[in-house]
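A short worksheet on the structure shown next.
The values are calculated or read from the model by the stated rules, or taken from the named source; none is laboratory data. None of the values given here were measured: they were computed from a predicted structure. Note that each Cβ is placed from the backbone with ideal geometry, even for glycine, and that neighbours are counted across all protein chains shown. With ligands, DNA and RNA removed, areas are computed over all heavy atoms of the protein, side chains included. Shrake-Rupley method; radii C 1.70, N 1.55, O 1.52, S 1.80 Å.
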Amino acid sequence: MKSLTKKRTKAILIDLAISSAVTAGVEYFLRKKVKSEAVHTLITPTIVMWTLEYTQLRKRGQTVGYKKMGLVLENEDGSKPTSRQIIKRMGYRDTLSTLDYIKSRKTFEAEEGAVFPHDRFSGTEVREV
């Protein structure tokens with residue numbers, strides 16, 4: 001596994017831990033109003049994770065995990081990603097990117113781990129700061 005890929009993995013684990021803590025707080029208040037367990041299992045964690053990630057990437061180009069690992073998300077030309085690119089990236093990563101990994105694991109890490117399939121799809125790239 002490439003060095004950049006290891007950093008990206010650690011960054012997503014940090015972001016996941018933060019998102020899980022926020023989700024626990026949100027669910028504490030939602031449980032009183034929403035009785036459907038499907039909402040608490042599927043929808044709330046996804047919405048919280050995507051909201052946190054979108055907000056951080058849109059404002060600074062980094063999530064807390066990316067900042068801790070010294071990474072930044074940029075356009076292929078080096079500028080900040082657009083809202084559309086961030087949404088496309090998150091959606092593809094959480095749906096079809098898994099299938100890409102299963103189909104061809106060896107080609108998953110393009111350009112030394114800077115471009116995963118969801119990055120290629122959205123036109124973004126992860127770089128070290």
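Among the residues that make up region 59-79, is at least one of them over 15 Å from I18 (Cβ atoms) and among the hydroxyl-bearing types (S, T, Y)? Yes - at least one qualifying residue is present in region 59-79. In the set L57, L73, only one residue is on the phi < 0 side of the Ramachandran plot and part of a helix (DSSP H, G or I); that residue is L57. Per the conditions (1) on the phi > 0 side of the Ramachandran plot; (2) in a helix (DSSP H, G or I); (3) not polar (S, T, N, Q), the sole criterion not satisfied by M90 is (1). Of all residues in region 41-62, none are modelled with pLDDT under 90 and charged (D, E, K, R). Any residue at all in region 104-118 that is at pLDDT 85 or above, open to solvent by 90 Å² or more (accessible area, probe 1.4 Å) and over 22 Å from T46 (Cα atoms)? No, region 104-118 has no match at all. Checking each residue in region 1-55 for being touching a residue at least 60 places away in the same chain (Cβ under 8 Å), polar (S, T, N, Q) and either under 24 Å from T82 (Cα atoms) or surrounded by 12 or more Cβ atoms within 10 Å (Cβ to Cβ) (or both) picks out only T5. The residues in region 56-82 that are open to solvent by 30 Å² or more (accessible area, probe 1.4 Å), among the small types (G, A, S) and in contact with a Lys or Arg (Cβ under 6 Å, 6 or more places away or on another chain) can be counted, and the count is 0.
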